[in-house]
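As structure tokens, the structure follows; a few thoughts come after it.
The values are calculated or read from the model by the stated rules, or taken from the named source; none is laboratory data. No experiment lies behind these values; they were computed from the predicted model shown. Heads up, the Cβs are rebuilt from the backbone with ideal geometry, glycines too, and the neighbour counts pull from every protein chain shown. Surface areas here come from the heavy atoms of the whole protein model, side chains and all, with no ligands, DNA or RNA. Shrake-Rupley method; radii C 1.70, N 1.55, O 1.52, S 1.80 Å.
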Amino acid sequence: MEFWKHIPAHIDPSLITIGSFEIRYYGLMYLVAFFITYRLVLYRIKDEGLGFTKETIQDIFIWLILGLLIGARLGYILIYNFAYYSAHPLMIIFPFDVAGGFRYVGISGMSYHGGAIGVVVAALLFCGRRGITFWKLADLFAAALPLGYTFGRIGNFLNGELYGRA
């Protein structure tokens, strides 16, 4: 029974590694979440006739994905590691370590709280520019978001984080 307590320690967060190039489950789960949410929203506008076009949905997805990524990154920086990033502001967006050579280290750190705020801000801005009622758009996405969130949590688990305790 002790094995179950240590499963996350045995999961490799990389799906594929070729040299310094890696495809990680966490990023893959983001893509799966975006794709499934997109397909479900398209299904709803086709099936329920909610008054949105496919092009509008594609546009809002660009805004929402950017809002999510920017908000999640800024949320992590402000909530969890402000002291470090205020001393190293270039590391907010620069994925390379130049101390003692030049090596790729990636960009790590995303916050759910910041991502949620970023999505809401992006949706409000989009709705304001397009003259769309925010609550109508929120209603369209409400059914699909929990499934997208589920894949994010699966990504966290496969990344060896946020798995809870035995």
Q) When the accessible area of segment 34-155 is split by element with a 1.4 Å probe, what percent falls to carbon and sulfur? A) 68
Q. Which net charge results for the neighbourhood of Ala142, defined as the other residues with beta-carbon distances under 13 angstrom from its beta-carbon, given Lys and Arg at +1 and Asp and Glu at -1?
A. 0
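Tell me the relative contact order for segment 1-141 as a rounded percent, counting alpha carbon contacts under 8 Å between residues six or more apart.
23
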Q: Using a/c under 1.5 as the rounded threshold, could you call segment 65-109 rounded, prolate or oblate? The axes a ≥ b ≥ c are square roots of the C-alpha gyration tensor eigenvalues, and prolate needs a/b larger than b/c, oblate otherwise.
A: oblate
Q: Provide Tyr30, Tyr112 ordered by accessible surface of protein heavy atoms (probe 1.4 Å), highest first.
A: Tyr112, Tyr30
Q | Magnitude of the charge dipole, segment 33-74, Cβ model with Lys/Arg +1 and Asp/Glu -1, debye to 20 | A | 140
Q | Value of [θ]222 nm, deg cm²/dmol, for the chain, DSSP H segments ≥ 4, -39500 (n - 2.57) each, nearest 500 | A | -20000 deg cm²/dmol
Q.
Straight-line reach from Lys54: which aspartates and glutamates fall under 17 Å, measuring Cα to Cα and dropping same-chain residues less than 8 apart?
A. Asp139
Q. Residue by residue through segment 110-123, which ³J(HN,Hα) values in whole Hz follow from phi under the Karplus form 6.51 cos²θ - 1.76 cosθ + 1.60 (θ = phi - 60°), with glycine and proline marked x?
A. 9, 10, 4, 4, x, x, 5, 5, x, 5, 5, 4, 4, 5
**Q.** Within-11-Å neighbourhood charge of Pro13 [Cβ basis; K, R +1; D, E -1]
**A.** -2
Q: Pick out, from Ser20, Ala122, Gly71, the residue whose Cα sits farthest towards the positive end of the charge dipole of segment 1-140, with +1 on the Cβ of Lys and Arg and -1 on the Cβ of Asp and Glu.
A: Ala122
Q: Treat each spin label as a single point 7 Å out from the Cα along the C-beta direction, and report the Ile16 to Leu66 distance in nm.
A: 2.9
Q | Förster radius 25 Å - calculated FRET efficiency between Asn81 and His6 (Cβ-Cβ, nearest 0.05) | A | 0.35
Q: Apply the Karplus parameterisation 6.51 cos²θ - 1.76 cosθ + 1.60, with θ equal to phi minus 60°, to every residue of segment 44-57 and state each ³J(HN,Hα) to the nearest whole Hz, in sequence, with x for glycine and proline.
A: 5, 5, 6, 6, 9, x, 7, x, 10, 9, 4, 5, 5, 5
Q. If you place +1 on the Cβ of every Lys and Arg and -1 on the Cβ of every Asp and Glu, how big does the dipole about the Cα centre of the chain come out, in debye to the nearest 20?
A. 240
Q | Mean Cβ count within 10 Å, highest first, over the residues of peptides 83-93, 69-79 | A | 69-79, 83-93
Q.
Suppose all protein chains stay in the model; what accessible area per residue would a 1.4 Å probe give for the chain, in Å²?
A. 67
